[in-house]
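Colleague: Here it is, the structure in full.
The values are calculated or read from the model by the stated rules, or taken from the named source; none is laboratory data. In this text the structure is predicted, and so the values were computed from the model without any measurement. Neighbour counts run over all protein chains shown; Cβ positions are idealised from the backbone, glycine included. Note: accessible area is taken over every heavy atom of the protein model, side chains too, but ligands, DNA and RNA are not part of it. Shrake-Rupley method; radii C 1.70, N 1.55, O 1.52, S 1.80 Å.
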Amino acid sequence: MRLFFIGWSGKDFGLTEVVRKLKQRHEIVYWSGDGKEFESLAHEFSGTIFHGHFDALHGIPARGVNVSLFPPPGVSLLTQLLGVESTVLTMMNKHFENKLVSERKHFYYHLVRYWNGVLTTLRPDAIIFPCAPHTVYDFVIYGLAKLLSIRTISFELTLIGARSLVMQDFSIGSVALRLAIAANARRRFELCDLPADIRQDYERQLDVSLSHTPPYMTEQFRRYAGLKKFFVKFNSVRANLMVHKDFTVLLKLLTHLPRRFMQNMKTEYASVESEPDFTENFIYAPLSYQPERTSSPQGGIFVDQLLMLEILSASVPPDWFIYVKEHPVQWLHRSSDFFSYRHRGYYREIAQLKNVRVVPLETDTYTLVERSAAVATITSTAGWEAILRSKPVIVFGYPGYQHAPGIIPVTDAPSCKQAVEKIISGFMPTGQQTINYLASFAAASFHGYCEPNVNGVGDIGASRNAENIVHALETELHR
């Protein structure tokens, strides 16, 4: 098969070896990723077009690709991609926050021209992503591939026993998992039937004496502790100045101290927060960190979390409340400055919604889950934690656990109101349903990971990680 690998980097944990192994049976036509890793690979992949990730991100063509041969997109193509355009314009908040809307749109047209030309010229059989595409250019590729009927494959790291799922479409989820759930519909599994890693993870989650902070969260707090945060920021500034020639970050650095004494996200949040009353009937709605793939594209239109909260507010009875809490690392990465996803007045708008309360960041999330009637989220980890604790979850997006018991997907106010009524009437997942789901999950998942930010999860080693990913890919390619 003719394969594209997009955003595929990770020599240290086996991703380069994955491509090397697949090259024995398939043709590697195009590969975007870390330009430095490519320097030592050219002699091995003589027929492959290499494209550095940052060049691709900024719309710079790969070496040897003649863009002049590709026609600019017209009305028909752009109309068919309107959903992609809407998502991409918001997705640009991460890397192109300073571009005006008109600049973003024309840059998007530029990307459509290039990648439509590449795909229609090279015609791959499948395009492989390490996770749901979320860095602008890869989502353009993803949208075009769907339009051109080219198979897409991506991975979802679940953090359940350090396992991943394979998907062709993040909005549909894992086909293998859905098939396993259907096959096991009449079976009744016991805890002892689960693989040791999944059973231990499940039992640990239910042990109230243990900390349940996800490993990636612990790593984030460690990385940004004390002076480490300074060096992370310093390296980011240096990269923006030297590599990307983006001098707006220098201006932000020079004005950092004065801005600390002005109104910011932290001060606005503190001005509207109130202590939770656990005697009330409430739905817990934790905000997802932004910008990130878990909200764009996996949140769909609910990348606008204000819209999610407005729908929830319009759907609960007068004596029910929505408790909202900010993501614990939202201010850690970007400091407390207002920005596209947390504009000035953002938290005030939330607090002014009917029956909505903003609770202090220090409020324990597990207590909120335990004492709530349900959790509402686009994709957050809190949703999965609620399922494990037999709490129903109102889901606005497409999380990796979207097929778990207790999930109620909603798309608008009427469906959300029905979900709330269902919860009030006593709907909840049972422990038996969760164990059955985990048994199906065990059959559909594999030990491995494709994302550098979680390098070392499960300690399975680079060689085994590569072998497991190759096996998963071959299985999916021949499904």
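Colleague: Here is a list: Phe54, Phe38. Which entry is touching a His at 6+ places or on another chain (Cβ under 9 Å), open to solvent by 70 Å² or more (accessible area, probe 1.4 Å) and among the aromatic types (Phe, Trp, Tyr)?
Modeller: Selected residue: Phe54, the only one of Phe54, Phe38 that is touching a His at 6+ places or on another chain (Cβ under 9 Å), open to solvent by 70 Å² or more (accessible area, probe 1.4 Å) and among the aromatic types (Phe, Trp, Tyr).
Colleague: Among Ser380, Ser336, which is the only one that is among the small types (Gly, Ala, Ser) and over 28 Å from Thr158 (Cα atoms)?
Modeller: Ser336
Colleague: Another question about this same structure. Somewhere in region 132-144, is a residue touching a residue at least 40 places away in the same chain (Cβ under 8 Å), farther than 30 Å from Ala443 by Cα, buried (at least 23 other Cβ atoms within 10 Å of the Cβ) and not hydrophobic (A, V, I, L, M, F, W, C)?
Modeller: yes
Colleague: Inside region 36-61, can you point out the residues that are part of a strand (DSSP E or B) and of a type in the set (Val, Ile, Thr)?
Modeller: Ile49
Colleague: Shifting gears a bit: Would you check if there is a residue in region 460-469 being β-branched (Val, Ile, Thr), modelled with pLDDT of 95 or more and either surrounded by 14 or more Cβ atoms within 10 Å (Cβ to Cβ) or not in a loop (DSSP other than H, G, I, E, B) (or both)?
Modeller: Taking every residue of region 460-469 in turn, at least one turns out to be β-branched (Val, Ile, Thr), modelled with pLDDT of 95 or more and either surrounded by 14 or more Cβ atoms within 10 Å (Cβ to Cβ) or not in a loop (DSSP other than H, G, I, E, B) (or both).
Colleague: Continuing with this model, one more query. Looking only at region 21-35, which residues are under 17 Å from Gly448 (Cα atoms) and either in a strand (DSSP E or B) or open to solvent by 10 Å² or more (accessible area, probe 1.4 Å) (or both)?
Modeller: Correct list: Lys21 only.
Colleague: Got a sec? Which of Arg178, Arg151 is of a type in the set (D, E, K, R), open to solvent by 40 Å² or more (accessible area, probe 1.4 Å) and within 16 Å of Leu477 (Cα to Cα)?
Modeller: Arg151 is the lone residue from the list that is of a type in the set (D, E, K, R), open to solvent by 40 Å² or more (accessible area, probe 1.4 Å) and within 16 Å of Leu477 (Cα to Cα).
Colleague: Could you check Lys105 against (1) farther than 21 Å from Phe302 by Cβ; (2) surrounded by 17 or more Cβ atoms within 10 Å (Cβ to Cβ) and say which number it fails?
Modeller: That leaves (2) as the condition not met.
Colleague: Just to confirm my filter: which helices (runs of 4 or more DSSP H) fall fully inside region 62-174 and include at least 3 residues that are β-branched (Val, Ile, Thr) and either out of contact with any Ser or Thr (no Cβ under 8 Å at 6 or more places or on another chain) or at pLDDT below 95 (or both)?
Modeller: So the answer is 101-122.
Colleague: While we're on this one: Arg334 passes all but one of (1) under 23 Å from Val136 (Cα atoms); (2) in contact (Cβ under 8 Å) with a residue 40 or more places away in the chain; which number fails?
Modeller: Checking Arg334 against (1) under 23 Å from Val136 (Cα atoms); (2) in contact (Cβ under 8 Å) with a residue 40 or more places away in the chain, the one that fails is (2).
Colleague: Hey, another quick one. Give the residue, chosen from Asn93, Asn98, Asn116, that is more than 16 Å from the chain's Cα centre (by Cα), open to solvent by less than 40 Å² (accessible area, probe 1.4 Å) and touching a residue at least 24 places away in the same chain (Cβ under 8 Å).
Modeller: Every option except Asn116 fails the conditions.
Colleague: With respect to Gln305, is the statement that it is at pLDDT below 95 and under 24 Å from Tyr401 (Cα atoms) true?
Modeller: Taking the combined requirement at face value, the residue does not satisfy it.
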